[in-house]
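Asker: One structure is given below, represented as structure tokens, and several questions about it will come after.
Read-outs throughout are calculated quantities, based only on the coordinates presented, and are distinct from any laboratory measurement. Not measured: the values here are computed from a predicted model. Because the Cβ atoms are built from the backbone with ideal geometry, glycine has one as well, and the counts that use them run over all protein chains shown.
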Amino acid sequence: MTVDAGTRMDTKVAAALGSGARPAAATPLSSSLTFGWRALLKIKHVPEQLFDVTMFPIMFTLMFTYIFGGAIAGSPKEYLPYLAPGILVQTVVMITMYTAMTINNDIEKGVFDRIRSLPVWRPSLLVGSLLGDTLRYTMASSIIIVLTLVMGYRPAGGVVGVVSAIALLLVFCFSLSWIWTLLGFKLRTPNAVMGVSMMVLFPLTFLSNVFVAPETMPDVLESIVKVNPVTILVDAARSLMDGDPDGGAITTVLIMSAVLVAVFGPLTMRVFANRT
Amino acid sequence: MTRIAVFLKGISCGSMGPMSYAIETHDLVRIFGDNRAVDGVDLRVPSGGVYGVLGPNGAGKTTTIRMLATLLKPTSGTALVLGHDVVAEAGVVRSKVAMTGQFASLDEDLTGTENLVMLARLYGFSWGQARQRSAELLDAFDLTDAADRQVKKYSGGMRRRIDIAGSIVVRPDLMFLDEPTTGLDPRSRNQVWDIVRALVSAGTTVLLTTQYLDEADQLADRIAVIDRGRVIAEGTSGELKASVGSGALHVRVADAAQRDEAVRVLESTLGTEAVREGDPCAISMRVEDPVGVPAALARLRDHGVATTEFSLGQPSLDEVFLALTGEAVHEEVNA
Ligand SMILES: Nc1ncnc2c1ncn2[C@@H]1O[C@H](COP(=O)(O)OP(=O)(O)OP(=O)(O)O)[C@@H](O)[C@H]1O
Ligand SMILES: [Mg+2]
């Protein structure tokens, strides 16, 4: 061999450059799907992110049902219809913070810059990550539902009740994720994002009716818990899964979702477009 | 190699107008808080070839590049990239340039193939074409073996290569490379240099930043030296060297005790300041006019100073850089 490695790379790169003809620009749909594909790949390559968020709910479900179920509802089996919708909501609401983590990570690692320097319809990045989120939410929901079914939970609302509860939950979580997207852009490090989201999500999901009825709590706490959006969401989900839809709660959830999108959607898009 | 390069040049240079500038900036400024990171930069980068931006840490290289690549809005001033304003016509600029940042910017969780397929899709290739393009690029950059490995498991040199590969999924008219060889071993650095040369022979204008003077010297047709957000010198490497004086005189005296005497003689003969090097026998000094040099050697002999080395060379870019920024450093020390 008289050709050294350097020259060989030179030639091959020149050839590869020569065939780099430019196709027509990607459509918004195709770039959104591509970003969705990326989100799926990330779940495939980093499945831990799913374990993190589902192990706790699984533990909570088992512990609360068998340790406190008797005391709270008379027996573990009677507690499940109360707990299952609550845990479902808590789990999925918690996962929403990964939206912020993903975006923040992209910014920190320079991936965001790379994407911004491409001639693509920029919001497709957000649309694509919604696709990934959908998969995450659906998988987590399925895990909780399957687990509680195995433990003897028989939702009165049947398949329709469960599916519509999950659908309502997804609507709320997508709306909520606009806040996380904004946070992802605004905060400096993934750790800061983690800290802030925990600070918001822990009180939000625990100071609620996920585990026990607010009526059993001290008055002050009860009034706080009752206005917590998560409580209303749990009420709505519970009513659907119990086969006795609570029109008021469901409407309130939809209104809250609409308000979240109306306020944080444009705000986030502005930050997104103007990020210096 | 040459044949392919010439062939490529033939098919890809048609679009460039004569004497057009790939980049033209006027009084470009970017302020962070009260830090004037880029403080009035005027650049004229000709189309074709490599333009080097040389500067120490914090000089404002990355900030300048990010403005030119439409990733950062200038605080004031204007910049035309390939004839388009980076603010008003950001979309057009983006469709013609590519940028490889100072730090790797691919998705570390994804494999090499997945990253390139994703980028190719975003550029508008179909899934099938994207896979084919990805395989082609991985092969060209010697990364086929690592194609299905996550990028976070790549070595520094491999990361640089996949990062650059990601920037040429479609051949850009202008490519920004921000410190492409910082932290690479000599072999990886040579590979990156090869890639840069291949880019140029394919008709892409390359603007690269570097802290390495020999890199700018080796690769760049023209060089802008920037320091504290300002261009302090601009030209070909030859012009820069000439602007500092015609050359540098290196003298070694046989006996260290005679060095002070030699410095006195040299300074009085040549009229420039001599620098005592770390080596107790060595002296170096800038020479404005080489005509006086033989006389200086003769006068050293007249004073009984024996020399073991007496050589006149072109100043290195290092010396250029020191000469250009040295005063600034002194100022800071005195303040
Ligand atoms: N996003 C930012 N916010 C605040 N200050 C910044 C930001 N980016 C850069 N700076 C500041 O601007 C100045 C120039 O930074 P820049 O990154 O452009 O330098 P550089 O020449 O690329 O340096 P290096 O060789 O270290 O990469 C520095 O003082 C830096 O601290
Ligand atoms: Mg830099």
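Asker: For the protein assembly as shown, with the dipole built from +1 on Lys and Arg beta-carbon atoms and -1 on Asp and Glu ones, taken about the Cα centre, which of B:I226, B:L106, A:Y82 lies farthest toward the positive end?
Answerer: Farthest towards the positive end: A:Y82.
Asker: Let me ask you something else. So which residue, out of A:P47, A:P190, A:P85, gets the largest mean-square fluctuation from a GNM of chain A using Cα contacts under 10 Å as springs?
Answerer: The residue that fluctuates most here is A:P47.
Asker: Moving on. Please list, ordered by chain and number, the residues whose modelled amide H lies under 5 Å from the amide H of B:V231; skip anything fewer than 5 residues away on the same chain.
Answerer: B:D42
Asker: Another question, if that's okay. How far is helix B:259-270 tilted, in degrees, relative to the longest principal axis of the Cα atoms in chain B, given as a value from 0 to 90 rounded to the nearest 10?
Answerer: 80
Asker: So which lysines can B:K73 reach, going by Cα to Cα under 19 Å and dropping same-chain residues fewer than 8 places off?
Answerer: Within the straight-line limit of under 19 Å, B:K73 reaches these lysines: A:K186, B:K61, B:K96.
Asker: I want the local charge near B:H250. Using Cβ-Cβ distances under 9 Å, sum +1 for each Lys or Arg and -1 for each Asp or Glu among the other residues.
Answerer: Taking every other residue near B:H250 into account, the sum is -1.
Asker: Using alpha carbons only, how many degrees (0 to 90, rounded to 10) separate the axis of helix A:28-45 from the longest principal axis of chain A?
Answerer: The two axes meet at around 70 degrees.
Asker: Counting Lys and Arg as +1 and Asp and Glu as -1, each charge on the Cβ, what is the dipole of the stretch B:245-314 about the Cα centre in debye, to the nearest 20?
Answerer: Taking the Cα centre of the stretch B:245-314 as origin, the dipole is about 80 debye.
Asker: In addition: Antiparallel DSSP bridges in the protein assembly as shown: what percent, to the nearest 5?
Answerer: So the antiparallel bridges amount to about 65 percent of the total.
Asker: What does the highest-first list of B:89-100, A:231-242 look like by mean Cβ count within 10 Å?
Answerer: On the way: B:89-100: 20.6, A:231-242: 24.8.
Descending packing order for the listed peptides: A:231-242, B:89-100.
Asker: With an 8 Å Cα cut-off and a minimum separation of 6 or more residues, compute the relative contact order for the stretch B:245-314 in percent.
Answerer: Result for the stretch B:245-314 is 51 percent.
Asker: Moving to a separate point now. Under a GNM of chain B (C-alpha, springs under 10 Å), which listed residue has the highest mean-square fluctuation: B:V196, B:V253, B:V86?
Answerer: Comparing B:V196, B:V253, B:V86 in the GNM, the peak value goes to B:V253.
Asker: Which one of A:W121, A:M241, A:P57 has its Cα pushed farthest toward the positive end of the charge dipole of chain A, where Lys and Arg give +1 and Asp and Glu give -1 at the Cβ?
Answerer: A:W121
Asker: Given the pairs A:K44/B:K152; A:K44/B:K153; A:K12/B:K241, which are separated by over 26 angstrom at their Cα positions? Mind showing how you got there, number by number?
Answerer: Values: A:K44/B:K152 15 Å; A:K44/B:K153 16 Å; A:K12/B:K241 35 Å.
Beyond 26 Å: A:K12/B:K241.
Asker: Averaging sequence separations of C-alpha pairs under 8 Å and six or more residues apart, then dividing by the length of chain A, give the relative contact order as a whole percent.
Answerer: RCO, chain A: 25 percent.
Asker: If you don't mind, another one. What residues have an amide H closer than 5 Å to that of A:D246, excluding those fewer than 5 places away on the same chain, when H is modeled at 1.01 Å from N in the peptide plane?
Answerer: Under 5 Å from the amide H of A:D246 lie the amide H atoms of A:S239, A:L240, each far enough along the sequence or on another chain.
Asker: So if I place +1 on the C-beta of Lys and Arg and -1 on the C-beta of Asp and Glu, and nothing else carries charge, what would the dipole magnitude of the protein assembly as shown be about its Cα centre? I want it in debye, nearest 20. Don't skip to the end; give the middle numbers.
Answerer: Working: 53 positive and 61 negative charges, 371 e Å.
Roughly 1780 debye, rounded to the nearest 20.
Asker: Thinking of the stretch B:193-298 as a set of Cα atoms, what percent of all their pairs are more than 18 Å apart? Show your work: numbers first, answer last.
Answerer: On the way: 3429 of 5565 pairs.
Of all Cα-Cα distances in the stretch B:193-298, 62 percent exceed 18 Å.
Asker: On to the next question. Between B:V93, B:T75, B:L322, whose Cα lies farthest towards the positive end of the dipole of chain B when Lys and Arg beta carbons carry +1 and Asp and Glu beta carbons carry -1, centred on the Cα centre?
Answerer: Value: B:V93.
Asker: Work out the length of the dipole vector of the stretch B:2-241 about its Cα centre, built from +1 on the beta-carbon of each Lys and Arg and -1 on the beta-carbon of each Asp and Glu, and round it to the nearest 20 debye.
Answerer: Taking the Cα centre of the stretch B:2-241 as origin, the dipole is about 280 debye.
Asker: Name the residue, out of B:G83, B:G304, B:G157, whose mean-square fluctuation peaks in a Gaussian network model built on chain B with Cα pairs under 10 Å.
Answerer: B:G304
Asker: So how tilted is helix A:247-274 from the main axis of chain A? Cα-based, degrees 0 to 90, rounded to 10.
Answerer: 20
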